[in-house]
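Note sheet for the following structure.
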Amino acid sequence: MTANNLQITRLMMNPRSSTIYRVPYDGDNLQRQTYTSKRDKRCSIKWLIAILIAVIIGLVVVCIVLAIVLATKSKLAVEPSSGTTESPIKPQSQSFITRCKPETPLGTEQRKIQHKKLMLPSAPERVGDHILLKNTYMVEYLSDIDVEKHFRMITHSLRSSNQISQSEIQIQTVIRSSLFNGASFSVTTNDSIEALKLIEDAIDIQPVYLIPAPHTFDKAVYSDISIDMQNYLVNAFDLTGVEKIHKNFKNFGEGVRVAVIDTGVDYSHPALGGCFGPGCKVAFGYDLVGDLFTGANQIVVPDDNPMDDCSTESHGTHVAGIIAANTTGIKDTLFSPSVPFSGVAPNVVIGAYRIFGCAGGSTNVLAAAVYRAYDDKADIINLSIVGPSSYEETIQMTAVQRVSNMGVYVSIAMGNSGTGGLQTGGEPAISSEGLAVGSVDNTYTLKHIIIAPDNHKILAIAGQAFGPWITNFSATIDVYNRDGGCFPVNKSLAGTVMLFAVTGRDVCNSYTRCNNAANAGAIGCLFYNISAIGGLNTIPNGVISLQDGLRIVSTVNANSSAIYKFTNLLDLTPMETAATPSSFSSFGLTGDLLFKPQLSGIGGDVYSTISTAIARQKKYPKPYIIKSGTSMAAPYVAGVLALFLAHIGNPAPYTINGYAESGICRPKMSLIKNIMQSSAKIVKVRNSPLAATVAVQGAGLINVFQALTATTIFSPSELALNDTVRIALSHRVNVTNIGNKSAVFRMSHDGAALATGARKGDDQLLPTPIFSAHYANVDIEPIEFALQSGESREITLRFRAPTSVDATLLPIYSGFILATNLVSGEVAHLAYAGVVGDYGNARIIVRNASSGIITGIQDARGQYMANTGISNLNATEGLAIVIVLAWPTRILVTNVIPPEDNVQFDPELGCGILNVGVNWPRNVANVGVYSYTQLVRLSWNGLVHKPSSTNNSSGEIQRLDPGRYRVQFAALKHFGNPKNFSDYEIYRTSPFNLVF
């Protein structure tokens with residue numbers, strides 16, 4: 001018989017690659033050709049045997065040579081660099097961290113992205129301080145379409161719907177990346193957005209939000225006099241192991257490329273290299289927006305110059321300095337710092353990406369910058385940008401996930417909303433692939449010196465608005481403090497400095513007090529019993545300690561003519577809050593009780609560079625300043641990641657897939673987390689023996705020396721236990737000996753402070769959680785075991801949450817599982833966190849709060865509708881729907897319903913919809929919390945959205961008839977099914993008469 005001429009194509013997947021090969025073959029059921037000659041068969045068999053023998057011999061030789069090469073590389077990898085004389089380095093098996101197969105499969109450049117089914121967004125108009133840019137969207141395409149075709153495709157698709165004309169469409173930011181292909185656009189019409197579904201080849205559409213320019217807590221350094229000291233003290237390099245890496249390993253991050261996505265970078269600053277481009281410290285980057293871009297004004301004027309010269313805080317330049325500043329050899333007194341310092345990794349190459357104009361920015365540009373940094377071959381991306389969110393479903397978080405999966409490490413600020421209580425973290429930090437970073441206070445800070453009449457040295461922290469005294473002078477201090485200084489002063493303060501005490505009874509801020517003092521002739525103002533102030537921008541101001549404040553009061557009461565000398569001298573002094581979580585650092589967990597933050601960095605009182613433009617504007621004598629924020633902690637960790645990559649040879653990001661010609665691969669982010677978290681330093685609550693809750697410190701303060709010399713890691717190194725209703729019966733983790741010696745390990749458990757974020761009788765959460773010594777009990781099996789080098793052991797953990805606590809308050813319990821190496825004494829740890837109680841039944845909608853700020857309806861005067869009787873609400877005068885949430889929710893529906901009591905929740909059955917929002921963050925009890933708001937107020941004039949009964953239209957806007965109604969608020973419960981209406985928490989107002 002002859003072979004069948006029909007050949008079948010089979011798709012065969014190479015197990016080492018995503019590339020698909022097409023291999024022709026004669027199908028299994030086809031008749032095979034027969035051979036009539038036995039001699040031909042015998043010859044074929046002999047040749048086949050010979051070939052097989054040759055192949056086997058060749059493989060054996062290759063394996064022997066490869067083993068010798070890898071052994072040699074492994075030996076070289078763990079030997080310390082020459083010249084190391086201090087602190088003996090612990091042995092570590094670097095081959096465990098970087099090992100991979102010594103080849104690169106075909107097709108590794110191809111991306112694997114799971115595309116979502118096209119769905120139109122239902123976006124709230126405001127998410128904290130992020131405001132929805134109405135009728136503006138980011139669209140992603142499945143196919144690779146030329147940039148020039150973006151506009152034609154969008155306009156053609158929208159025009160074909162007969163709803164939106166070409167003149168109403170404006171293309172804004174185009175992203176043409178290997179990881180994303182799409183563009184943002186806006187329409188100038190409020191017509192139905194159903195037309196967006198018709199965009200050809202669109203696979204995802206997301207809303208765009210305005211981002212306010214980043215904000216930190218500043219302490220101005222008004223002195224042109226420098227202090228001679230060791231540079232590792234100023235930014236706690238001794239506490240985080242950076243000092244030892246610099247001194248012992250001679251590792252300064254050489255060759256690692258770190259992208260700073262921010263307000264731009266003042267690359268003309270000598271500490272940042274003084275130039276831009278190849279060969280400079282700031283060697284790559286891009287201005288994606290131009291000066292006039294505000295977010296609301298989406299007209300971008302991009303260029304190749306990412307200079308930070310018009311931002312209000314010089315945020316990006318400060319961030320870049322934390323990573324890479326080098327002040328060694330600066331002779332110009334204008335640029336010599338007040339105290340010697342350097343960045344964490346001063347030899348890295350910086351990429352500057354400007355995404356803010358002189359005012360604000362937007363989420364579409366942020367996402368574009370992340371993709372551009374990846375395409376520009378960044379090794380690490382720093383994002384000191386945060387917005388309120390508890391769920392990871394935004395365009396910028398998608399960008400973080402994709403670049404991280406391709407081997408670029410992303411360090412992200414957790415947020416500065418810690419004074420709002422639990423679950424105040426933000427995006428994109430809560431991205432599952434990003435490294436969320438909390439803040440720990442520095443060990444030292446710079447303070448200005450005031451000399452008392454008895455020569456006692458008083459140390460003052462400068463206010464943010466003006467700062468302390470630029471020149472030396474002498475003056476008396478007035479301790480007049482009637483009415484707390486909140487009202488005009490009725491006497492002359494000419495030529496004096498005013499001292500204010502801060503108490504819990506105060507009804508005004510530092511600005512008002514200093515302004516009242518200045519109006520009475522004061523030339524400065526001081527505060528005590530407070531950690532920091534904003535102050536006034538017209539006279540010098542600052543903060544002193546409680547002890548010094550009381551000492552001045554006593555001295556002045558005895559002698560009102562006592563003279564104090566105010567100087568521009570500086571002193572580096574220990575911080576009272578050193579090595580404890582910063583008060584502003586945001587708390588986790590996420591809305592789904594996932595583990596955030598991962599780690600902490602030094603973010604409280606960090607000294608670094610600022611632009612010369614902002615220094616001139618604010619009359620600083622030198623372009624350096626102290627800033628506080630997780631915005632500072634994130635670049636600190638980014639610098640640590642750079643030192644880590646430099647230590648292991650900085651394998652290229654594409655080697656994350658496990659293949660490299662050199663046989664050395666970049667560790668995945670999951671392994672980086674395991675190493676950094678297992679070796680982090682556990683920090684305590686301020687003035688307490690309790691370990692700080694994992695919800696604020698993560699696994700602890702990062703320590704690069706411990707990470708690079710660690711011999712033990714947990715995998716995974718973090719556990720999110722969920723709540724006590726849904727907790728797993730047991731958890732299995734691995735302990736791995738990555739050292740070069742065998743060891744015996746003993747397991748143990750240390751609890752962290754229980755964080756109770758609520759109180760009885762109040763739906764809203766507390767601004768500051770209550771910490772207490774209530775711990776879980778943990779059964780660990782086995783307790784003790786031995787491991788050879790490179791060997792792992794599975795450990796079983798069974799958690800029992802603390803029982804003597806109020807489960808209705810949903811407190812967070814947390815702690816650490818410790819693995820102690822009984823040979824070396826080294827201790828590695830795993831961090832865990834969970835919630836006591838049923839988080840699925842948390843009271844989300846605030847109906848009762850001590851502040852009086854609750855969910856309901858307000859009239860034109862801002863008065864809440866009474867819960868008793870039938871109120872008349874005049875829609876013509878204007879009403880407000882007030883939404884206040886204690887916990888986040890994935891879906892929030894607000895609609896108008898008939899006045900009957902027993903109405904089943906169904907948004908399509910009521911009288912009309914007022915608002916539908918997804919991934920809605922919580923609100924906070926107090927004002928002034930970064931990113932978060934006390935409430936959301938929606939204006940209402942009687943109009944509602946009536947859903948359509950067909951799929952061809954999104955419905956229409958109608959005005960309700962005068963009559964009796966109620967407003968219904970429906971929040972999807974945690975872990976609830978959006979399609980199951982019984983999974984929604986319902987709150988209905990009292991009936992009211994709507995009149996016009």
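The values are calculated or read from the model by the stated rules, or taken from the named source; none is laboratory data. Predicted model, so just to flag it, every value in this text is computed and none were measured. Backbone-built Cβ (ideal geometry, glycine too); neighbour counts: all protein chains shown. To get the accessible areas, we keep the full protein, side chains included, count just its heavy atoms, and leave off ligands, DNA and RNA. Shrake-Rupley method; radii C 1.70, N 1.55, O 1.52, S 1.80 Å.
Spin-label model, ASP332/HIS215: points 7 Å from Cα along the beta carbon direction are separated by 3.2 nm.
How big is the gap, in Å, between the Cα center of region 962-996 and the Cα center of region 732-808? So the two Cα centres are separated by 40 Å. Computed over the Cα atoms of region 497-547, the ratio of the radius of gyration to the Kirkwood radius (Rg/Rh) comes to 0.93.
How compact is region 645-714 by the rule of thumb for globular proteins, expressed as Cα Rg over 2.2 N^0.38 Å?
On the way: Rg = 15.4 Å, N = 70, 2.2 N^0.38 = 11.1 Å.
Dividing the Cα Rg of region 645-714 by 2.2 N^0.38 Å gives 1.39.
If N is the number of residues in region 845-994, what value comes out of its Cα radius of gyration divided by 2.2 N^0.38 Å?
Working: Rg = 15.3 Å, N = 150, 2.2 N^0.38 = 14.8 Å.
Region 845-994 yields a ratio of 1.03.
Amide H contacts under 5 Å for GLY524: MET498, restricted to partners 5 or more places along the chain or on a different chain, H placed in the peptide plane at 1.01 Å from N.
Between SER554 and SER982, full extension at 0.36 nm per residue minus the direct alpha carbon distance yields a gain of 147.6 nm. The 3J(HN,Hα) values that the Karplus relation (6.51, -1.76, 1.60; θ = phi - 60°) gives for region 683-700 are, in residue order, 10, 10, 5, 4, 6, 8, x, 6, 5, 5, 4, 4, 5, 10, 9, x, 7, x Hz. Gly and Pro appear as x. In plain terms, the chain from LYS760 to ASN472 could stretch by 98.3 nm, reckoned as 0.36 nm per residue minus the Cα-Cα distance. For region 685-768, how big is Rg over Rh, using alpha carbon atoms and the Kirkwood form of Rh? The Rg/Rh ratio comes out at 1.05. Between THR808 and LEU909, the simple spin-label model (points 7 angstrom out along Cα→Cβ) gives 3.0 nm.
The average projected area of region 709-842, computed from the convex hull of its Cα atoms over all directions, is 8.7 nm².
Counted residue by residue at 0.36 nm each, then reduced by the alpha carbon distance between them, the extension gain from THR796 to ASP375 reaches 147.3 nm.
The convex hull of the Cα atoms of region 444-574, projected and averaged over all directions, covers 7.2 nm².
Rg and Dmax, both from the Cα atoms of region 297-350 and both in Å, are 14.3, 43.
Here the Kirkwood formula, the inverse mean of 1/r across different C-alpha pairs, assigns region 274-313 a hydrodynamic radius of 11.3 Å.
Whole-Hz Karplus values for region 275-284 come out as 7, 9, x, x, x, 9, 4, 8, 9, 8 Hz, taken residue by residue from phi with 6.51 cos²θ - 1.76 cosθ + 1.60 and θ = phi - 60°; glycine and proline positions read x.
Each residue of region 262-268 is assigned a 3J(HN,Hα), and the resulting list reads 6, 8, x, 9, 7, 6, 6 Hz, derived from the Karplus form 6.51 cos²θ - 1.76 cosθ + 1.60 (θ = phi - 60°), x at Gly and Pro.
In terms of Cα atoms, the Rg and Dmax of region 507-640 work out to 18.9, 61 Å.
How much area per residue is accessible in region 709-842 when the probe is 1.4 Å and only protein heavy atoms are counted (Å²)? Spell out each step's value before the answer.
Details: 5290 Å² over 134 residues.
Dividing the accessible area of region 709-842 by its residue count gives 39 Å².
Rounded to the nearest 0.05, what FRET efficiency do VAL174 and GLU393 have when you use their Cβ-Cβ distance and R0 = 35 Å? Calculated transfer efficiency: 0.95.
For region 242-272 versus region 859-883, the spacing of their alpha-carbon centroids is 56 Å. Every Cα-Cα pair of region 198-343 was included, and the share exceeding 21 Å stands at 56 percent. Summarising the amide proton neighbourhood of GLY285: residues at separation of 5 or more, or on other chains, whose placed amide H is nearer than 5 Å comprise ALA352.
Residue order by solvent-accessible surface for GLU718, GLU576 is GLU576, GLU718, largest first, with ligands and nucleic acids left out and a 1.4 Å probe. Remark on ALA660: its backbone amide H falls under 5 Å from those of LYS101, GLU103, a criterion applied only to residues 5 or more positions apart or on other chains, H modelled at 1.01 Å from N.
Taking a quarter of the surface of the convex hull around the Cα atoms of region 825-868, what do you get in nm²? Don't jump to the answer; show the numbers that get you there.
Values: hull surface 27.9 nm².
Approximately 7.0 nm², given one-decimal rounding.
Spacing of the modelled spin labels on ARG152 and ASP454, each 7 Å from Cα toward Cβ, amounts to 8.5 nm. Residues PHE466, PHE975, ordered by accessible area of protein heavy atoms at a 1.4 angstrom probe radius and largest first, appear as PHE975, PHE466. With Cα atoms defining each centre, region 349-389 and region 453-503 are spaced 42 Å apart in the structure. Rounded to the nearest 0.05, the FRET efficiency derived from the C-beta distance between ILE770 and GLU125 at R0 = 45 Å is 0.85.
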